[in-house]
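Below is one structure, written out as structure tokens; comments come after it.
The values are calculated or read from the model by the stated rules, or taken from the named source; none is laboratory data. Note that this is a predicted model, so its numbers are computed, not measured. All Cβ positions, even for glycine, are placed from backbone atoms using ideal geometry, and neighbour counts span all protein chains on display.
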Amino acid sequence: MGCTAYCVQHGSVLIGVSNALGKTSILARLTTGQWLGELALFDGGARTHDVYADESASLWHIPLPALRAYLRAQPDLWLALGQLLAAKTRRLMQGLSQQTLTPPENRMAQRLLLLAQDSEQLRFSQEELAGAIGISRQTCNAILKHLAQQGLIQVERNGVRLLDQPGLAKLSQA
């Protein structure tokens, strides 16, 4: 059960999920000022995803009882929290529609940009990236090679360097 909400103070963290066989998927990358764990404030449910730092990071945490007390004293802040959850839900719904309507290469470009945010260096395994896009590792490898041949990315040992984010953005919209 979640008992704390967190805010990234500096650095970044990856949000992922693993199945019973140990296969993992990176779903999001959160950077400075972004929140996680706030859903438990509403439903008190268990954590559904793993969080790990992909670089040096520090998190600010606030126990949910303290956050609830603060929100009772400042009820106008519930709107801001609702807007935060609405924005996350909107991104989730957009991701679901892209998963079914967008070709894999375009989804790859979208996912790389989503994970990059303000960075051009991403660290992950091809297995994790493939899981996040819903493709096989072999297909992921082929798409990464194709993007590298186009000069959009550089494939590195433990991840990818984005060389042409505007080019990836154009591909992601196609």
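Listed values, structure above:
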{"read-out": "Given (1) out of contact with any strand residue (DSSP E or B) (no Cβ under 8 Å at 6 or more places or on another chain); (2) outside the structural domain of F42 (by TED's automatic domain parsing), index of the condition Q74 fails", "value": "(2)"}
{"read-out": "Qualifying positions in region 130-165 - among the hydroxyl-bearing types (S, T, Y) and either surrounded by 15 or more Cβ atoms within 10 Å (Cβ to Cβ) or more than 20 Å from the chain's Cα centre (by Cα) (or both)", "value": "T139"}
{"read-out": "Which listed residue, of L92, L122, is in a helix (DSSP H, G or I), surrounded by 11 or more Cβ atoms within 10 Å (Cβ to Cβ) and within 17 Å of the chain's Cα centre (by Cα)", "value": "L92"}
{"read-out": "Selection count where residues are modelled with pLDDT of 85 or more, among the polar types (S, T, N, Q) and in contact with a strand residue (DSSP E or B) (Cβ under 9 Å, 6 or more places away or on another chain), scope region 89-125", "value": "1"}
{"read-out": "So A174, is it surrounded by 15 or more Cβ atoms within 10 Å (Cβ to Cβ), in contact with a helix residue (DSSP H, G or I) (Cβ under 6 Å, 6 or more places away or on another chain) and at pLDDT below 85", "value": "no"}
